[in-house]
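Asks: Mind looking over this structure? Questions follow.
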Amino acid sequence: MYSFDDVKTEVPNNELTDLKHEVDHLRSALETTERRHQDECNCSTLEVNNANELLENVKSESFKKQLEVEAKIKEYRVEADTLRAKLIEKDNDLNSISQENKGLSLKIEENVSAEKESELQTELEKSESLLKDLQACLLEKETQLQTIREENKILKSEILKKETERNEATNDAIALTEASRAAKQEALIKIGY
């Protein structure tokens, strides 16, 4: 490349001045582009860091929530199993009472007192009422279990959404960095590097 001293011997002063102004202008443009590139890189890095931090927070909270949900599911399963066992026991009791009632009904036909029949009927009704209560309780627990499963599904969906947003932010930052690098390269080409 020619130096400015070499140019003085080959071109008039006004052209030399114009060349100096153009070089100064290109240098200024290059410095501006580099500053803008640095600012944009810093901004992109901050956005990516913020997105990563947000995602980690969401993952942490979601993990804690999932552990709580799994603990509740285990608790409800144990409770549901216990209720099922009680239900089976009461159902067996009911069958036993029903069989006993049938036998006593035969005795009633053989002049067993009406008072005994009334007591057995009351006992049977109590057992049937208790059985219904246990069935209702079991249904409620199963409904709660389904609700918890739905909440867990929503949490997983939110995690996927946050990961998608983070990927989009990262892609935007990469595109911005590439554009800045291209602008810097163009400026370097203009000043002859």
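Just so it is clear, none of the values below were taken in a lab; they were calculated from the coordinates. Just so it is clear, the model here is predicted, and its values are computed rather than measured. Please note: Cβ atoms are built from the backbone with ideal geometry, for glycine as well, and neighbour counts cover all protein chains shown.
Asks: Go over the candidates Ala29, Ala71 one by one and state the one that is on the phi < 0 side of the Ramachandran plot, exposed (fewer than 12 other Cβ atoms within 10 Å of the Cβ), of a type in the set (A, V, I, L, M) and in a helix (DSSP H, G or I).
Replies: Answer to the check: Ala71.
Asks: Got a number for residues in segment 145-193 being more than 30 Å from Gln38 (Cβ to Cβ) and among the charged types (D, E, K, R)?
Replies: Total satisfying the criteria: 7.
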